[in-house]
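Structure record follows, encoded as structure tokens.
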């Protein structure tokens, strides 16, 4: 899923430039840098998760991506995804935490190389890293306040 999302940011309608335009509307500046980083992170984290490599780092990347999406695109829209809410990114973020707890599995790069880092401690590492990354990005979001329509009293 992450790999497809990353590819869509690069090769979808409008390509990376279209993604950058959308990111600019969310207040992510410089938008082209954020679009490239988001696409690259989705592609890289998706590939590492698929291979079961370097846990809990790809899980942290997913948590960061989903927290950033929740704080920009889905912010203030409630819970349900069909209303633009954070439901979907919450589920994906929770799946990343679960993956960090459970580990990469018996048939994975981590297991073969003896680098199987899983459990609650490593999941906490993923959560802290992911949320710290998202907080850093969200602290720099520069989205102008929406213009208010004049009320009849005004």
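Annotations for the structure displayed:
- Residues that are surrounded by fewer than 24 Cβ atoms within 10 Å (Cβ to Cβ) and more than 21 Å from residue 136 (Cα to Cα), drawn from the stretch 50-63: 50, 51, 52, 53, 54
- Test: residue in the stretch 107-123 that is under 18 Å from the mean Cα position of the chain (by Cα) and either at pLDDT below 95 or more than 25 Å from residue 27 (Cβ to Cβ) (or both): yes
- If the condition is being surrounded by fewer than 18 Cβ atoms within 10 Å (Cβ to Cβ) and in contact with a helix residue (DSSP H, G or I) (Cβ under 6 Å, 6 or more places away or on another chain), then the stretch 17-48 contributes 24, 32.
The values are calculated or read from the model by the stated rules, or taken from the named source; none is laboratory data. Worth saying up front: this structure is predicted, and the values here are computed from it rather than measured. Cβ atoms come from the backbone with ideal geometry, glycine included; neighbour counts cover every protein chain shown.
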